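Engineer: Would you mind keeping the following structure in view while I ask a few things?
The values are calculated or read from the model by the stated rules, or taken from the named source; none is laboratory data. These figures come from a predicted structure and were not determined experimentally. All Cβ positions, glycine included, derive from the backbone under ideal geometry; neighbour counts span all protein chains shown. Ligands, DNA and RNA are stripped out before the accessible areas are found, and what is left, the full protein with its side chains, is counted by its heavy atoms. Shrake-Rupley method; radii C 1.70, N 1.55, O 1.52, S 1.80 Å.
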Amino acid sequence: MISTALILLASLAPQSDPWTSLEGTTPAQWRLVWKDAPQHKVTVSWSTREAGTEHIVHYDTVSRAGTDAPYANTQAAQRNGAYTLQKDEVGVLRGASYHHARIDGLEPSTTYWFQLESDGVRSPEMHFITAPVDDRAFKMIHGGDSRSGHAARQEINAYIGLLIDEEPELITFAHGGDYILWGELWAHWRPWLSHHELTTSPTGRVLPVIPTRGNHEPGPIFDEVFDDPGGAGLNYYTTDITPEVSLITLNSEISAAGDQATFLEAELKRLRPERTWLMTQYHRAIYPAVKDPAAMKPHWVPLFEQYDLDLALESDGHAVKRTVPIRDEKRDPTGVVYIGEGGLGVPQRDPSTDRWFLQEPGMVGKSHHIVMLEFTKGALKSKIIGLPDPNESAFTPAAHVQVVADGATWRYLRGADPADQAWRGLGFDDSSWESGVSGFGYGDDDDATVLEDMQGNYQRLYIRTPFEMAKLAELDEVQLAVRYDDAFIAYINGVEVTRSSVNSGSGPDAKEVDSHEAKGWELFPLGTGAELAERFGAGPAILAVEGHNSTLKSSDFSLWPCLIGPSLEEEPGLEAAVLLDELTLIPRSAR
Amino acid sequence: MPSSLLWCLRITVAGQCLAAARIALAAGSEVNGWLFMVAGLPEDIARLTDQVAAGVLIATAASALFRPIRALLFFDAAWMLAISAAIFTNPGSSMSWLAPLAHGVRYAAPLALALLVTAPGRELSSDSARARLAVWAMLLGAAATFIAHGIEALEHYGRFIDLIIGSAKRWLDWSVSQDLAEQLLTVIGVQDLILAAMLLSRRWRWVAMWMALWGLFTALSRMTAMGGGSWHQTLLRSANAGVPLALFLGWWQLVRTTATKPKP
């Protein structure tokens, strides 16, 4: 089902990636941001490669897709600018521009259909739902930490996209921070923003984000992405999701005891008498399952407890947990429950299971997850939904369409370099080369063709094998799956298609060969079969790979490639999610 | 060689080793995080690294107090360097880039002690190359730490603001505003930079003494602001005070005679 979502999204944008390519003024990387008054306001944000001049959101309460009827409303972006590039990114990376259209005057609990337009280029039509002004039931999700584990991040985003259509009452996504590895780098934000497109549902519904700044997001780009939530650099603010529910977003990366504590106390004092449910979200965990308690603890916890906060949503630890209710450093049914703590893609850590606040009826574990909060009359239900980790499911080429199979026979050249580049292509006579089964290598006890003489004598191995391009042409996606140590460059019909750990050059002229351990199969997308057939012709073809060791005396070497198509197994979808924890709270006034 | 200097370094190293061991065992070190998150090694290996390091650090602490062993002291210095490198390459805050400087005293203390310890019954000449190296390690380490903390203070680093506000509230019941804390940090930052410059250029003994007192005060602020549960954060910073104090204690016998431009 996730594949279905990805393909549907891909159909919105005609290229191999399942998100919109940043080209020209094509609107891409869209997101919606809720700050205050989500019943009436939303910030619609997107990116374009070129700065452009005119950036508009068209919106209406009815869909205009497939019709010539104009949208009833338009809002020009009030804020446009270039994402900040670091000095060492200038000239290396192509920059992009952000656009923020702040829309006001919306009707509550209403579906709005919208389309982005930059210099005449329009996005697909999408839609979102405004927050209610009454006490009707609704749902929200919370999650954090997607800075690494990009494959998992994409799958979780696609899962959220599917979930949106399954859950019409789901209206917002509170993000706990650590979106990326380092927030000062556009190189890190760019893929996150593209991957975030995957949270768009197959029907085009977009979930507004309530963003938190994490410890990996210093610098100005966070505010450029989310339009200064809570004020540039400050990023603490209150979102009154309904008249009954408020979420106070805090920033664990600035002073906790100063102005922010003053704000927190004022908000808690103001809101507690008025709200049935009062929650906070912030990044670093105060009652962590991993690491030591965050430094904000002595400044915030007394306020949480004084004003009877209901839930604190935490991230950062890369684990999953729900604490017992806590007051005065002990379990107390009137206390605050802390839920988190970060599983939107990052590898999960082994939590400290012996901490008193994680004992039953609390829980702790390790799993990618989101927290689903369901608000109904008289109850708040928290569900922690565990999601599969694609990195932990064992990849096998046999589970895919195999064009050049795992264990295929290859011609190989060792101990010398080819005279020229002809070896990479068709028409080269390789009859004088040796023949062997992949993988090739030594020193790690998993090689089918062992190169016992390689260590200390030569650093490179050249292999080639024929395949039928016609077998590729019908495949939706083609990938090179490789186990390698330390580096390789792959060619089809003499044209380089991918490389890893060789920074420049090839063959004996390869420069800066990095060390890389073969920890498992790694995948390198090559595009669709149709694209490859168009590029290389539909006839016979040659896959050629050169493998490099970083040093002559390296203790091991591996080169084990195969060419695969889509999975033969169904990708996990909504049914792959598991309920890890469920908690029902009743309002404090009814306890 | 003044025994007070050696004992100062021995206690300093023991303190920082115990704190680093506690962090590695209870919360996971930055090296653990780097191995798991950056190098992609299995968590078992990252945790085992912490456990082995903690064991060696505890042995180093005991050794520092009873009979310093040079190899263990070099390990302590290497571990502190590895932590700085892990923070620098896997940054987790806006000030992570300063870690290699900010931790200068943490490498300097075990390194200086390793250079200054001798076999029982033997005396190290105060003008030997080893003594000279030890002095330079401490001078540069202390200056680096104060420069980094000075920059952080001038940047009004949020954690430092909270140390001031938290300590004033907890111990004096004073409500210090963020604005006032930031003004104080500006003064503190300038002071830190001046102290570092004076230590390296003027070589005034009382500069080292003031740095030791200030280092002790700032290390203790972790506990005064956050409570006794943060004892390990204070102990981890024992070299903030211990290294300048060692310079002060060994000034006449060591620093004054080995410095290239000694000042009385």
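Engineer: Going residue by residue through the stretch B:99-119, is there one that turns out to be charged (D, E, K, R), open to solvent by less than 50 Å² (accessible area, probe 1.4 Å) and in contact (Cβ under 8 Å) with a residue 12 or more places away in the chain?
Structural biologist: Checked against the condition, which is being charged (D, E, K, R), open to solvent by less than 50 Å² (accessible area, probe 1.4 Å) and in contact (Cβ under 8 Å) with a residue 12 or more places away in the chain, the stretch B:99-119 yields at least one hit.
Engineer: Kindly establish whether A:Gly204 is in contact with a His (Cβ under 7 Å, 6 or more places away or on another chain), farther than 22 Å from A:Leu85 by Cβ and either at pLDDT below 95 or open to solvent by less than 10 Å² (accessible area, probe 1.4 Å) (or both).
Structural biologist: The answer is yes for A:Gly204.
Engineer: Also, quick follow-up: Identify, by number, the condition in (1) more than 14 Å from chain B (Cβ to nearest Cβ); (2) closer than 28 Å to A:Ala37 by Cβ that A:Gly177 doesn't meet.
Structural biologist: Only one criterion is unmet by A:Gly177, namely (1).
Engineer: Would you mind stating whether A:Pro333 is open to solvent by 40 Å² or more (accessible area, probe 1.4 Å), part of a loop (DSSP other than H, G, I, E, B) and within 14 Å of chain B (Cβ to nearest Cβ)?
Structural biologist: Taking the combined requirement at face value, the residue does not satisfy it.
Engineer: Please return the ranges of strands (runs of 3 or more DSSP E) entirely within the stretch A:496-591 where 3 or more residues are in contact with a strand residue (DSSP E or B) (Cβ under 8 Å, 6 or more places away or on another chain) and surrounded by 12 or more Cβ atoms within 10 Å (Cβ to Cβ).
Structural biologist: Because the criterion is at least 3 residues that are in contact with a strand residue (DSSP E or B) (Cβ under 8 Å, 6 or more places away or on another chain) and surrounded by 12 or more Cβ atoms within 10 Å (Cβ to Cβ), the strands (runs of 3 or more DSSP E) in the stretch A:496-591 that meet it are A:522-527, A:540-548, A:557-567, A:578-585.
Engineer: Give me the residue from the stretch A:208-226 that is farther than 30 Å from A:Leu380 by Cα and not β-branched (Val, Ile, Thr) and, out of that set, most open to solvent (accessible area, probe 1.4 Å).
Structural biologist: This residue is A:Pro220.
Engineer: Scan the stretch B:40-73 residue by residue and report those that are touching a residue at least 24 places away in the same chain (Cβ under 8 Å), within 13 Å of B:Cys17 (Cβ to Cβ) and crowded, with 16+ Cβ neighbours inside 10 Å.
Structural biologist: B:Ala53, B:Ala54, B:Leu57, B:Ile58, B:Thr60, B:Ala61, B:Ala64, B:Pro68, B:Leu73
Engineer: Still on this structure, I have one more. Just one of (1) on the phi > 0 side of the Ramachandran plot; (2) part of a loop (DSSP other than H, G, I, E, B); (3) not polar (S, T, N, Q) trips up A:Gly441, so point out which.
Structural biologist: A:Gly441 satisfies every listed condition except (2).
Engineer: Could you tell me which of the residues A:Asp135, A:Asp104 is closer than 20 Å to A:Phe226 by Cβ and more than 28 Å from the chain's Cα centre (by Cα)?
Structural biologist: A:Asp104
Engineer: At pLDDT 85 or above and more than 36 Å from the chain's Cα centre (by Cα) - does that describe any residue in the stretch A:509-518?
Structural biologist: Yes, the stretch A:509-518 contains at least one residue that is at pLDDT 85 or above and more than 36 Å from the chain's Cα centre (by Cα).
Engineer: While we're here: Could you figure out which of (1) buried (at least 24 other Cβ atoms within 10 Å of the Cβ); (2) at positive phi; (3) small (Gly, Ala, Ser) isn't true of A:Gly149?
Structural biologist: (1)
Engineer: Restricting to the stretch A:402-423, and then to whatever is in a loop (DSSP other than H, G, I, E, B) and in contact with a Phe, Trp or Tyr (Cβ under 7 Å, 6 or more places away or on another chain), can you tell me which residue is most open to solvent (accessible area, probe 1.4 Å)?
Structural biologist: By that ranking, first place goes to A:Gly415.
Engineer: Of all residues in the stretch A:248-266, how many are over 23 Å from B:Ile164 (Cβ atoms) and surrounded by fewer than 24 Cβ atoms within 10 Å (Cβ to Cβ)?
Structural biologist: Qualifying residue count for the region: 1.
Engineer: OK, next. Part of a strand (DSSP E or B) and either more than 26 Å from A:Trp113 (Cα to Cα) or within 14 Å of chain B (Cβ to nearest Cβ) (or both): which single residue out of A:Ile248, A:Ile210 fits that description?
Structural biologist: Result: A:Ile248 is the single residue among A:Ile248, A:Ile210 that is part of a strand (DSSP E or B) and either more than 26 Å from A:Trp113 (Cα to Cα) or within 14 Å of chain B (Cβ to nearest Cβ) (or both).
Engineer: Kindly list the number of the only condition in (1) acidic (Asp, Glu); (2) within 14 Å of another protein chain (Cβ to nearest Cβ); (3) within 17 Å of the chain's Cα centre (by Cα) that fails for B:Asp76.
Structural biologist: (2)
Engineer: Could you list all residues from the stretch A:253-302 that are closer than 24 Å to B:Gly28 by Cα, among the basic types (Lys, Arg) and more than 8 Å from every other protein chain (Cβ to nearest Cβ)?
Structural biologist: A:Arg284 - this is the single residue of the stretch A:253-302 that is closer than 24 Å to B:Gly28 by Cα, among the basic types (Lys, Arg) and more than 8 Å from every other protein chain (Cβ to nearest Cβ).
Engineer: Sticking with this structure for a sec: I'm trying to understand the selection: among the residues of the stretch B:110-163, which are within 14 Å of chain A (Cβ to nearest Cβ) and not in a loop (DSSP other than H, G, I, E, B)?
Structural biologist: Result: B:Glu152, B:Ala153, B:Gly158, B:Arg159, B:Phe160, B:Ile161, B:Asp162, B:Leu163.
Engineer: Hey, any hits in the stretch B:164-181 for a residue that's within 14 Å of chain A (Cβ to nearest Cβ), buried (at least 17 other Cβ atoms within 10 Å of the Cβ) and not in a helix (DSSP H, G or I)?
Structural biologist: Within the stretch B:164-181, one or more residues are within 14 Å of chain A (Cβ to nearest Cβ), buried (at least 17 other Cβ atoms within 10 Å of the Cβ) and not in a helix (DSSP H, G or I).
Engineer: When you check B:Gly15 against the structure, is it in contact with a Ser or Thr (Cβ under 8 Å, 6 or more places away or on another chain), farther than 30 Å from A:Glu217 by Cβ, small (Gly, Ala, Ser) and away from chain A (no Cβ under 12 Å), yes or no?
Structural biologist: Here the answer is yes, as B:Gly15 does meet what is asked.
Engineer: Identify, please: which residue in the stretch A:344-367 is touching a Lys or Arg at 6+ places or on another chain (Cβ under 8 Å), within 14 Å of chain B (Cβ to nearest Cβ) and assigned to a loop (DSSP other than H, G, I, E, B) and is, among those, most open to solvent (accessible area, probe 1.4 Å)?
Structural biologist: My answer is A:Lys366.
Engineer: Also, I was wondering about something else. Which one of the conditions (1) within 14 Å of chain A (Cβ to nearest Cβ); (2) among the β-branched types (Val, Ile, Thr); (3) surrounded by fewer than 20 Cβ atoms within 10 Å (Cβ to Cβ) does B:Ile194 fail to meet, given that it meets all the rest?
Structural biologist: Among (1) within 14 Å of chain A (Cβ to nearest Cβ); (2) among the β-branched types (Val, Ile, Thr); (3) surrounded by fewer than 20 Cβ atoms within 10 Å (Cβ to Cβ), B:Ile194 violates only (1).
Engineer: Let me ask something else about it. Name the residues in the stretch A:447-484 that are under 27 Å from the mean Cα position of the chain (by Cα) and modelled with pLDDT of 90 or more, would you?
Structural biologist: If the condition is that a residue be under 27 Å from the mean Cα position of the chain (by Cα) and modelled with pLDDT of 90 or more, then A:Leu480, A:Ala481, A:Val482, A:Arg483, A:Tyr484 are the ones that fit.
Engineer: If you don't mind, there's one more thing I want to ask. Suppose we filter the stretch B:33-63 for residues that are within 14 Å of chain A (Cβ to nearest Cβ) and either within 30 Å of B:Pro244 (Cα to Cα) or of a type in the set (D, E, K, R) (or both); how many remain?
Structural biologist: Counting residues in the stretch B:33-63 that are within 14 Å of chain A (Cβ to nearest Cβ) and either within 30 Å of B:Pro244 (Cα to Cα) or of a type in the set (D, E, K, R) (or both) gives 4.
Engineer: Given the conditions (1) of a type outside the set (Phe, Trp, Tyr); (2) more than 12 Å from chain A (Cβ to nearest Cβ); (3) part of a helix (DSSP H, G or I), and given that B:Arg203 satisfies all but one, which numbered condition is not satisfied?
Structural biologist: (3)
Engineer: Please go through (1) at pLDDT 95 or above; (2) farther than 15 Å from B:Ala241 by Cβ; (3) in contact with a Phe, Trp or Tyr (Cβ under 8 Å, 6 or more places away or on another chain) for B:Met211 and return the number of the only condition it doesn't satisfy.
Structural biologist: (2)
Engineer: Only residues that are at pLDDT 95 or above, touching a Ser or Thr at 6+ places or on another chain (Cβ under 9 Å) and among the β-branched types (Val, Ile, Thr): list them for the stretch A:323-350, please.
Structural biologist: A:Val336, A:Val337, A:Ile339
Engineer: Given the options A:Thr84, A:Thr48, name the one that is farther than 16 Å from A:Pro220 by Cα, in contact with a Pro (Cβ under 7 Å, 6 or more places away or on another chain) and open to solvent by less than 60 Å² (accessible area, probe 1.4 Å).
Structural biologist: A:Thr48
Engineer: Can you tell me which of A:Pro273, A:Pro288 is modelled with pLDDT of 95 or more and either within 25 Å of the chain's Cα centre (by Cα) or among the acidic types (Asp, Glu) (or both)?
Structural biologist: A:Pro288
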